[in-house]
Amino acid sequence: MPGVIGDSRSPSPDPAHPDHGSTRQHTSLTGDDPGRATVAIHQPHYWPWLGLIDKIDRSDRFIMLDTVQFERRGWQNRNYIAGPGKPVLLTVPVEQASRAELIRDKKIDNTQKWRMKHYRALAEHCYRKAPYWDDHKDEIAHLYETEWEDLADLSIATTRMLMRGFGIDTPILRAGDLGDFPGSKSELLAQICAKAGASTLLAGEGSKGYMDPEITDRYGVDIEWQGFRHPEYPQRTRKGAEPFVPRLAAIDLLLNAGPDSLHVLRQARTRD
């Protein structure tokens, strides 16, 4: 039976019904909708970790915050997967332009042979013997056969693939498609929530240092803290005596637990 590792830390600036499929009833995606909803907002991440997948699952709609500055040496273009020994870091090379470059404008450096390197790391080095590799190998292969130019498009594609595998159907929007928002930090998030018709912002613990409830309240938006708790599950691609490795890309749980992945993720919310 999976255990729980208490973990309120997201590896990013912002970073429980235990059934196998999503039963949430999603509402309209515009601010004109009279029904209010819970919205989560986060930068797009390449192969996001479980904390971000948990946030998406707990939301009525999820906003990819692609209109803020790209963070160098952050998690927007990289993450760890479980190697047979130490975790393996997959990093998407990006073109270096202005330090003020936005995520939505960030281009991938395709002069480097990163796609084949990443696919081989997943398919041969790390997850070849994973219980559910065969269930997802074709979709993963197709992902790396695609010639990506924009980092945000790739990151969102990896997120959507994980959502399909977990059985999560939360609608995803991009902040850049919702309009221009002049605010920053709390005000920016509150403006996006108001546009998306949200009464509640589901925020990661990592944002407590800058979120201002007084500002969000002016927009009619309450803050709910995620309080993510990391599940512990059998990592069957690692040797039995090796300790569990948390905070990996969520694909690690998917390839180890398959159709039980959403159950494992949701069950962790209810445990002490």
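So in the stretch 63-79, with the set limited to residues that are assigned to a strand (DSSP E or B) and hydrophobic (A, V, I, L, M, F, W, C), which one is surrounded by the fewest Cβ atoms within 10 Å (Cβ to Cβ)?
Per the criteria, the residue is M64.
Looking only at the stretch 31-48, count every residue that is open to solvent by 10 Å² or more (accessible area, probe 1.4 Å) and touching a strand residue (DSSP E or B) at 6+ places or on another chain (Cβ under 8 Å) and tell me the total.
Here the count works out to 3.
Let me confirm something: among R236, R218, which residue is closer than 23 Å to T158 by Cβ, of a type in the set (K, R) and open to solvent by 10 Å² or more (accessible area, probe 1.4 Å)?
Answer to the check: R236.
Return the total of residues in the stretch 104-135 being assigned to a helix (DSSP H, G or I) and among the small types (G, A, S).
2
Any residue at all in the stretch 115-134 that is among the hydroxyl-bearing types (S, T, Y) and over 22 Å from P44 (Cα atoms)?
yes
Could you tell me which of the residues G165, G183, G179 is surrounded by fewer than 18 Cβ atoms within 10 Å (Cβ to Cβ) and touching a Leu at 6+ places or on another chain (Cβ under 9 Å)?
Going through G165, G183, G179 in turn, the sole match is G183.
List the residue pairs whose Cβ atoms are under 9 Å apart, where the first residue sits in the stretch 119-130 and is open to solvent by less than 60 Å² (accessible area, probe 1.4 Å), the second is modelled with pLDDT of 95 or more and of a type in the set (S, T, N, Q), and the two are 6 or more positions apart or on different chains.
Y127/N256; A130/N256
Look at R160 and say whether it is under 14 Å from the mean Cα position of the chain (by Cα), among the basic types (K, R), open to solvent by 20 Å² or more (accessible area, probe 1.4 Å) and within 22 Å of R104 (Cβ to Cβ).
Considered against the rule, which asks whether it is under 14 Å from the mean Cα position of the chain (by Cα), among the basic types (K, R), open to solvent by 20 Å² or more (accessible area, probe 1.4 Å) and within 22 Å of R104 (Cβ to Cβ), R160 comes out as yes.
Determine whether W133 is out of contact with any His (no Cβ under 6 Å at 6 or more places or on another chain) and either open to solvent by less than 30 Å² (accessible area, probe 1.4 Å) or basic (K, R) (or both).
Yes, satisfied.
The values are calculated or read from the model by the stated rules, or taken from the named source; none is laboratory data. Model, not experiment: these values are computed from the prediction. Cβ sites come from the backbone with ideal geometry, for glycine too, and all protein chains shown count toward neighbours. SASA here: full protein model, heavy atoms, side chains in, ligands and nucleic acids out. Shrake-Rupley method; radii C 1.70, N 1.55, O 1.52, S 1.80 Å.
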